[in-house]
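Undergrad: Sharing a structure here in structure tokens format.
The values are calculated or read from the model by the stated rules, or taken from the named source; none is laboratory data. Just so it is clear, the structure is predicted and the values come from calculations on it, not from any experiment. Positions of Cβ are generated from backbone atoms using ideal geometry, with glycine treated the same way; all protein chains shown enter the neighbour counts. Surface accessibility is based on the protein's heavy atoms, side chains included, excluding ligands, DNA and RNA. Shrake-Rupley method; radii C 1.70, N 1.55, O 1.52, S 1.80 Å.
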Protein chains: 2
Amino acid sequence: MFLSVVDRTARTQCLLTGDRPVLAGVSGGADSLALMHSLHRLGFRLVIAHLDHGLRPESTEDAAFVRQKADDLGLPFVGARVDVRAVAEREKLSLEEAARQVRYDFLFAQARRAGAQAVAVAHHADDQVETVLMHFLRGAALSGLSGMSHRRIMPIWDAEIPLVRPLLDLWREDIDAYIRDIGWTPRTDSTNSDTAYFRNHLRHELIPELEEINPRFRDGVLRMADVLGEEDRFLEQLADQAWSACFSGEAEGWVALSRPAFLALEKALQRRVFRRAVGRLRPDLRDIGFDAVERGLAFAAEPSASGQMDLAARLSLTALGERLVVKTWSAELPEDGLPLLLAEEFEGLLMPGNSISLSNGWSLALEETDLEGSGNVQDLPPHEAWMDAETVSLPLTVRGMRPGERWQPLGLAGHSQKLSDFFINEKLPQHLRSRWPLVCSGEQIAWVVGLRPAEPFKVTASTLRILQLQIFRDLQSE
Amino acid sequence: MFLSVVDRTARTQCLLTGDRPVLAGVSGGADSLALMHSLHRLGFRLVIAHLDHGLRPESTEDAAFVRQKADDLGLPFVGARVDVRAVAEREKLSLEEAARQVRYDFLFAQARRAGAQAVAVAHHADDQVETVLMHFLRGAALSGLSGMSHRRIMPIWDAEIPLVRPLLDLWREDIDAYIRDIGWTPRTDSTNSDTAYFRNHLRHELIPELEEINPRFRDGVLRMADVLGEEDRFLEQLADQAWSACFSGEAEGWVALSRPAFLALEKALQRRVFRRAVGRLRPDLRDIGFDAVERGLAFAAEPSASGQMDLAARLSLTALGERLVVKTWSAELPEDGLPLLLAEEFEGLLMPGNSISLSNGWSLALEETDLEGSGNVQDLPPHEAWMDAETVSLPLTVRGMRPGERWQPLGLAGHSQKLSDFFINEKLPQHLRSRWPLVCSGEQIAWVVGLRPAEPFKVTASTLRILQLQIFRDLQSE
């Protein structure tokens, strides 16, 4: 019975085959001994791996014990000893977290060396129930309530070798009975970490109490985890597609999403896509929290006036034109390849025949032409502007905005407008405004580059000579 | 604070508007009094409804109390008294289940009469936590862990009027404080049903204990329910599409799904579609259970030799050609509009120029023709068969199969085959075999109708006269 369940789980859930070795992590406790013994008996090719964490006086004996058991079964053994306490101090991790990291690093490194098809660990059904219950008590999301998987690729450890759990469908009592049957005496783990203490409380106090309420509680949770896991995986697949539809670039410190694509998603997928964006920037963060996600979704639907909000974990969210940018506090916002001044304090002079360099490979050039063959003034593309040469004083100045500056956009005859109001109407993101290039004649703005020329310099029926402003991009320079 | 939360929830989650009345179910307890008072104060138009279940001595006073409170606020009141105990006995329901049914029937009937936009009930955040916890203890699926909705159409009560829960984001302590503030003294419900007892245990024992483990437990569960609810609704939408892709007919006692379409679904959607099929036949069944669903999915992927399995709740599952049929034990399997004998024991004689009636509007006819203009024998459609008239003895017999009967299908010269093996090869569902029409010459099968003619009677180069068998459907007769 025990062996047939292990066999079925190993083959149909963990997808293990008999041809390539499986690296089994064995501590020497009942669970991992049962894993090693049963997989071996079922004909799987095993490599036994044991990491001595050096945290307990008897850990050297544990290592020798596991090596002996591997020898008894004629199985290859790999072992190592790591000073986990030192790692924890160096990496500023809890002892438990450090032990976990060091152990899995070791197991996957050995699996790669052995050409193993998978790393097998001995988590069982009671571990699963305890894990799901812990997540429930925390108010976790679907993935937490799904517990551990039978088989899963964990990219932080290896892109191809999966972690598998062949005992996940078996209860602790089945494992203990199996170990008694084969006459082995497991080592007992005397570790008393916080989690172990907490787990013990669940195991010996809370779960028995919940079983008084529902005698089939453990069974119910185990099945629930299975069903929810399937739904979670399915939603993750849909989130993959949603991510592809939304993703709009990333670099050091920021990830951008297309806001229209994001808003077109179901809320359930918005949450998952948003959490992924956060995950790209904070891969070690377990959970950014429900509140931060909800605030992010609300902002995406309706950005605040400042166009920016603080999230959590030293991340912020910005609405940048059609894009939503999640970024670390310290990162610069993406410039979107725009033609900005090379610095806020930049100021340059422009004569006909000359050009000035802008950011992202753009240049700004001035030419003098006459009216012949010049086409319709109304149809000018945004990267071009014409002025009546008689109205401007040369050289033109190229600079950024000044506090409280006003101007007279084309079409607004007789009135002036605050440049900052114009930028707001044009939905130009705040952080770009100070570096937005303005072409001026004397003190007067003649062209807000790429957005609108000014009324006073416009070409009219009486214009004789035209000054032509243009930005263009030299793609070589990028 | 209290009012602003109710207002926001009522408008953004329950989608209530100020223009049409809301029918509020009010028992006289603190929760429903707070619902009534706050919605009224927020300017919603209310109709107050109270059902006297007649289960407790003081229930008449409760009714009078609620009517008085409605009068005090100048609100219309509707009340009724139902003998719930009698309903429970008549309908064989628990008192609690009967009370619930009678109450919601009453509320929705009154809502229709009042032209109400919704029926509002007073479930709050603690009710939500208790509901989710109860489902968790049972090992429920995603919908159970999502708890109650702010707004939901319940087709069993009304196809258009939703049930809404404007207090779902507020804790019991907030509600009690509000009731103290307005100086009202609620009626206390002395009912001690099993569920109430169980809820009291959760409320006063288990939840406080879980809050010792995680002080933010209730908050976590409330948020979890919200996120899971969104994911559940999204999966239900996908299940709607999956259902449309799979649904392949239904009638009294059975529902059919396209097996290829079903197998093309993700397992998570297979489970939901399968549960829906069960729900069509057993609408009152809360849950057919994890095991039955898993066995059903396994059978769909690989039907057993018998082509049939028992599910649960007196339902069975049959693989019928390309279809999966979920049916009640007592229902007949669908005949798929096939040309079957009208009864298993039917036996009829067929002369040229005559025809015999089959099931579903089909007829079987025999004609004598000569070879001219008769086309290619190989190209005959399956509803037609030709015989060399010299080889058969008239009249032909039309009957069902006999135990152990053998025949010689066209193409199998010199050999005979068991008819039952032929049926298996042709994947003819078991239950159709005894009524499948066979056309015989003497004791020998000449045509297994619609499937294959027999070798001994085939048309050859020396054939002079042909007997033409044909089935055709008179669509008028359906």
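Undergrad: Surrounded by 15 or more Cβ atoms within 10 Å (Cβ to Cβ) and either within 13 Å of chain B (Cβ to nearest Cβ) or among the β-branched types (Val, Ile, Thr) (or both): does that describe A:Asp174?
TA: It is false that A:Asp174 is surrounded by 15 or more Cβ atoms within 10 Å (Cβ to Cβ) and either within 13 Å of chain B (Cβ to nearest Cβ) or among the β-branched types (Val, Ile, Thr) (or both).
Undergrad: Name the single residue, out of those in the range B:423-461 being under 14 Å from B:Trp386 (Cβ atoms) and of a type in the set (S, T, N, Q), that is least open to solvent (accessible area, probe 1.4 Å).
TA: B:Ser441
Undergrad: Residues of the range B:148-167 being over 21 Å from the mean Cα position of the chain (by Cα) and either open to solvent by 40 Å² or more (accessible area, probe 1.4 Å) or within 13 Å of chain A (Cβ to nearest Cβ) (or both), which ones?
TA: B:Arg151
Undergrad: Okay, next question. Just the residues that are facing chain B (nearest Cβ under 7 Å) and in contact (Cβ under 8 Å) with a residue 60 or more places away in the chain, please, taken from the range A:218-247.
TA: Across the range A:218-247, the qualifying residues are A:Val221, A:Met224, A:Leu228, A:Glu231, A:Leu235.
Undergrad: Go through the residues of the range B:140-147 one by one and say whether even a single one is open to solvent by less than 60 Å² (accessible area, probe 1.4 Å) and either in contact with a Phe, Trp or Tyr (Cβ under 6 Å, 6 or more places away or on another chain) or away from every other protein chain (no Cβ under 14 Å) (or both).
TA: For the range B:140-147, residues open to solvent by less than 60 Å² (accessible area, probe 1.4 Å) and either in contact with a Phe, Trp or Tyr (Cβ under 6 Å, 6 or more places away or on another chain) or away from every other protein chain (no Cβ under 14 Å) (or both): absent.
Undergrad: Can I ask one more? State all residues of the range B:250-267 that are open to solvent by 40 Å² or more (accessible area, probe 1.4 Å) and part of a loop (DSSP other than H, G, I, E, B); if no residue qualifies, say none.
TA: Correct list: B:Glu252, B:Ala264, B:Glu266.
Undergrad: If you take the residues in the range A:376-422 that are among the hydroxyl-bearing types (Ser, Thr, Tyr) and closer than 16 Å to A:Leu350 by Cβ, which one is least open to solvent (accessible area, probe 1.4 Å)?
TA: Filtering the range A:376-422 for residues that are among the hydroxyl-bearing types (Ser, Thr, Tyr) and closer than 16 Å to A:Leu350 by Cβ, the one least open to solvent (accessible area, probe 1.4 Å) comes out as A:Thr397.
Undergrad: Quick test for you: out of B:Arg180, B:Arg199, B:Arg187, pick the one residue that is in the same structural domain as B:Leu46 (by TED's automatic domain parsing), exposed (fewer than 14 other Cβ atoms within 10 Å of the Cβ) and either at pLDDT 95 or above or closer than 28 Å to B:Thr60 by Cβ (or both).
TA: Going through B:Arg180, B:Arg199, B:Arg187 in turn, the sole match is B:Arg180.
Undergrad: Take the conditions touching a Lys or Arg at 6+ places or on another chain (Cβ under 8 Å) and in contact (Cβ under 8 Å) with a residue 40 or more places away in the chain and apply them to B:Leu438. Does it pass?
TA: yes
Undergrad: I would also like to ask the following. Would you say B:Pro215 is surrounded by fewer than 14 Cβ atoms within 10 Å (Cβ to Cβ), within 30 Å of A:Arg295 (Cβ to Cβ) and either assigned by TED's automatic domain parsing to the domain that holds B:Gly29 or without any contact (Cβ under 8 Å) to a residue 24 or more places away in the chain (or both)?
TA: In short, yes.
Undergrad: Provide a single number: the residues in the range A:107-138 that are of a type in the set (Gly, Ala, Ser), open to solvent by less than 20 Å² (accessible area, probe 1.4 Å) and either free of Cβ contacts under 8 Å to residues at least 24 places away in the same chain or under 30 Å from A:Leu210 (Cα atoms) (or both).
TA: 2
Undergrad: Open to solvent by 30 Å² or more (accessible area, probe 1.4 Å), facing chain B (nearest Cβ under 9 Å) and under 28 Å from A:Met148 (Cβ atoms): does that describe A:Arg282?
TA: no
Residue-by-condition table, conditions (1) more than 13 Å from A:Leu469 (Cβ to Cβ); (2) within 47 Å of the chain's Cα centre (by Cα); (3) aliphatic (A, V, I, L, M):
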{"site": "A:Gly361", "(1), (2), (3)": "yes, yes, no"}
{"site": "A:Ala385", "(1), (2), (3)": "no, yes, yes"}
{"site": "A:Ser416", "(1), (2), (3)": "yes, yes, no"}
{"site": "A:Ser420", "(1), (2), (3)": "yes, yes, no"}
{"site": "A:Ile424", "(1), (2), (3)": "yes, yes, yes"}
{"site": "A:Lys427", "(1), (2), (3)": "yes, yes, no"}
{"site": "A:Pro456", "(1), (2), (3)": "yes, no, no"}
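Undergrad: Between B:Leu349, B:Leu358, which is under 29 Å from B:Ser420 (Cα atoms) and crowded, with 17+ Cβ neighbours inside 10 Å?
TA: Every option except B:Leu358 fails the conditions.
Undergrad: While we're looking at this one, here's another question. Quick one: B:Arg172 ticks every box in (1) touching a residue at least 24 places away in the same chain (Cβ under 8 Å); (2) more than 30 Å from A:Pro215 (Cβ to Cβ) except a single one, so which number is it?
TA: Exception for B:Arg172: condition (2).
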